[in-house]
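Only one structure is covered here, and it is reproduced in the block below.
The values are calculated or read from the model by the stated rules, or taken from the named source; none is laboratory data. These numbers were taken from a predicted model, which means no experiment stands behind them. All Cβ positions, glycine included, derive from the backbone under ideal geometry; neighbour counts span all protein chains shown.
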Amino acid sequence: MSILKKIGLGVIGLFALLLIAALFVRKQYQVERKIVINAPDSVVYDYVKNLRNQNNWVTWNSMDPNIKHTYTGNDGELGSSVSWTSTKVGNGSQTIKSLSDNKRVDLELKFDNTDASPTYITTTANGAQTDVAWGMQGEINYPMNLMIVMMDMEGMIGKEFDMSLNNLKKILESK
């Protein structure tokens, strides 16, 4: 058997092994981070439900000074959305899918060439403070779900969530 045939069979075997492994790898991912903010839940909720305010606290917005945002609808209301174009953070959109006063904002996050990922921000009164949780969940279809093993979604997204929530805390506690 020639060396090229052996290499070819080895590549095919490796590819088949990866496809089989992907059958057993989870497809779903979820990342959530929390912080306590020294402000009333109504103040925190009113701030986080407005998509324009994300320019002040979400770290991805500060990564590209030339990012272009387009807003539609009444900001902070059901169905309002923002889309963006950026050479550094990519293109995407985010739409408010549901609102629960002083409790929860559900969003749909979409990047070009990806399925939509549900994201949420919850605010829970805790005396004079507010417990805030920011989370994201999604699914990566077979066979691309194998990337979950190779990518640290928790570390990649979680780090940005932590930094963003700390920005939010600084902003709201300085008011």
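Exactly one of these conditions fails for PHE15: (1) within 24 Å of LEU172 (Cα to Cα); (2) out of contact with any strand residue (DSSP E or B) (no Cβ under 9 Å at 6 or more places or on another chain). Give me its number.
(1)
Tell me which residues, restricted to region 68-94, are under 13 Å from ASN50 (Cα atoms) and touching a Gly at 6+ places or on another chain (Cβ under 7 Å).
Of the residues in region 68-94, the ones under 13 Å from ASN50 (Cα atoms) are 71-82, 94.
Hits for region 68-94 are GLY73, GLY79, SER80, SER81.
Report, by residue number, each residue of region 60-72 that is touching a residue at least 12 places away in the same chain (Cβ under 8 Å) and under 17 Å from LEU99 (Cβ atoms).
If the condition is that a residue be touching a residue at least 12 places away in the same chain (Cβ under 8 Å) and under 17 Å from LEU99 (Cβ atoms), then TYR71 is the only one that fits.
Counting only residues that are of a type in the set (S, T, N, Q) and in contact with a strand residue (DSSP E or B) (Cβ under 6 Å, 6 or more places away or on another chain), which one in region 114-142 is modelled with the lowest pLDDT? Please lay out each step first, then the result.
Applying the first criterion (of a type in the set (S, T, N, Q)) to region 114-142 yields 114, 117, 119, 122-124, 126, 129-130, 137, 141.
Those still in the list that are in contact with a strand residue (DSSP E or B) (Cβ under 6 Å, 6 or more places away or on another chain) too: 117, 119, 122-124, 129-130, 137.
Values: SER117: 85, THR119: 95, THR122: 97, THR123: 98, THR124: 97, GLN129: 97, THR130: 98, GLN137: 80.
So the residue we want is GLN137.
Could you please find all residues in region 1-31 being in contact with a helix residue (DSSP H, G or I) (Cβ under 8 Å, 6 or more places away or on another chain) and at pLDDT 80 or above?
Hit for region 1-31 is VAL31, nothing else.
Is region 65-77 home to any residue that is more than 23 Å from ASP162 (Cα to Cα), more than 17 Å from the chain's Cα centre (by Cα) and surrounded by 16 or more Cβ atoms within 10 Å (Cβ to Cβ)?
No, there is no match, as no residue in region 65-77 is more than 23 Å from ASP162 (Cα to Cα), more than 17 Å from the chain's Cα centre (by Cα) and surrounded by 16 or more Cβ atoms within 10 Å (Cβ to Cβ).
Which of the residues belonging to region 143-175 are part of a helix (DSSP H, G or I), of a type outside the set (S, T, N, Q) and at pLDDT below 70?
Taking region 143-175 as the starting set, the residues that turn out to be part of a helix (DSSP H, G or I) are 144-150, 153-173.
Adding the requirement that they be of a type outside the set (S, T, N, Q) leaves 144, 146-150, 153-163, 165, 168-173.
Once the filter is applied, which keeps residues that are part of a helix (DSSP H, G or I), of a type outside the set (S, T, N, Q) and at pLDDT below 70, region 143-175 yields MET144, LEU146, MET147, ILE148, VAL149, MET150, MET153.
Can you name the residue in region 59-104 that is touching a helix residue (DSSP H, G or I) at 6+ places or on another chain (Cβ under 6 Å) and among the hydrophobic types (A, V, I, L, M, F, W, C) and is also modelled with the lowest pLDDT among such residues?
That would be VAL89.
Working only within region 78-91, note down all residues that are surrounded by fewer than 17 Cβ atoms within 10 Å (Cβ to Cβ) and under 29 Å from SER42 (Cβ atoms). Before the answer, list the steps.
Here is the first cut: in region 78-91, the ones surrounded by fewer than 17 Cβ atoms within 10 Å (Cβ to Cβ) are 78-79, 83, 85, 87-91.
The answer is LEU78, GLY79, SER83.
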